[in-house]
Amino acid sequence: MIIHCTECRQYVEASEAGNYWRHFDGREPSCRYTLLACTACQSPILVRQTNLGNMAEGDKWDTPFVVFPQGDLRVNPNAPKNIRAAFEEACTCYRSQAYTASAIMCRKTIEGVCTEHGVTERNLSASLKQMKAEGLIDERLFEWSDALRIVGNEAAHGVGVSIGQPDAKDTLEFTNAILDYLFSYRDRFEQFKKRRAGEA
Ligand SMILES: [Zn+2]
């Protein structure tokens, strides 16, 4: 099976080391848990798949969801408490397969990021433009955060709209990257520049 390995930080070929089927109990569909071993670094990976099939079509397994390890969603410890809380909730929603709720919480995290930087325009779209105007985010990060805003809007406002697992995962990872940039690398780079200027 091809799966994302947290240790290798990329998609890898993983071999099956064991499996467990939780059979249909009349309510929950049957689930298949597969214990995998990354063929590159030997790390264990446990995935869950839900059976979307039926009597006529037979078994049909959905995209594997990584149950273990959960460490791929690390919350930046330098981010302020309320932003960490919002992002942690987005991660919790994702792990529970509540993808639409996860996207909404990512949007809320980005809103918190603007507020934290003293940017409170009439809506998030205007705030992000202001963040860019003030040089807090560059063109690329503006594009990312604006895309997250749109996914979050769709998730929040269309009752018939649901966000799929791949979009939810990207939304989380882009949000995480924005937190890393604003609360870790940006400050560190400023310090780095000062240090270099002092030495010159
Ligand atoms: Zn690996």
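Only the coordinates and a few stated rules stand behind these numbers; no lab work does. All values derive from a computational prediction rather than experimental measurement. Glycine also receives a Cβ, built like all others from the backbone with ideal geometry; neighbour counts cover every protein chain displayed.
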How far, in nm, would the chain grow between GLU116 and CYS41 when pulled straight, counting 0.36 nm per residue and subtracting the alpha carbon separation? 23.1 nm
The chain: relative contact order as a whole-number percent, Cα under 8 Å and 6+ apart: 14
Between ARG140 and ARG188, what's the calculated FRET efficiency when r is the beta-carbon distance and R0 is 22 Å? Round to 0.05. 0.75
The range 81-195, dipole about Cα centre (Lys/Arg Cβ +1, Asp/Glu Cβ -1), debye to the nearest 20: 340
Positive-end extreme of charge dipole, the range 2-68 - chosen from PHE68, LEU35, TRP21 (charges on Cβ): PHE68
May I ask you to derive the FRET efficiency for VAL67 and ALA177 from their Cβ-Cβ distance with R0 = 35 Å, giving the value to the nearest 0.05? 0.90
Residues whose modelled amide H sits under 5 Å from the amide H of HIS4, counting only those 5 or more places away in sequence or on another chain, are VAL12
What aspartates and glutamates does LYS108 reach when the alpha-carbon gap must be under 15 Å and sequence neighbours fewer than 8 apart in one chain are set aside? GLU88, GLU89, GLU116, GLU121, ASP146, GLU154, GLU173
With R₀ set to 25 angstrom, the calculated FRET efficiency between the beta-carbons of ASP25 and VAL161, to the nearest 0.05, is 0.25
Using alpha carbon centroids, what distance separates the range 114-165 and the range 10-69, in Å? 34
State whether the chain is rounded, prolate or oblate according to the following rule on the C-alpha gyration tensor (a ≥ b ≥ c being the square roots of its eigenvalues): a/c under 1.5 gives rounded; otherwise a/b larger than b/c gives prolate, and the remaining case gives oblate. oblate
Under a Cβ-only charge scheme (Lys and Arg +1, Asp and Glu -1), can you give me the dipole magnitude of the chain about the Cα centre, in debye to the nearest 20? 540
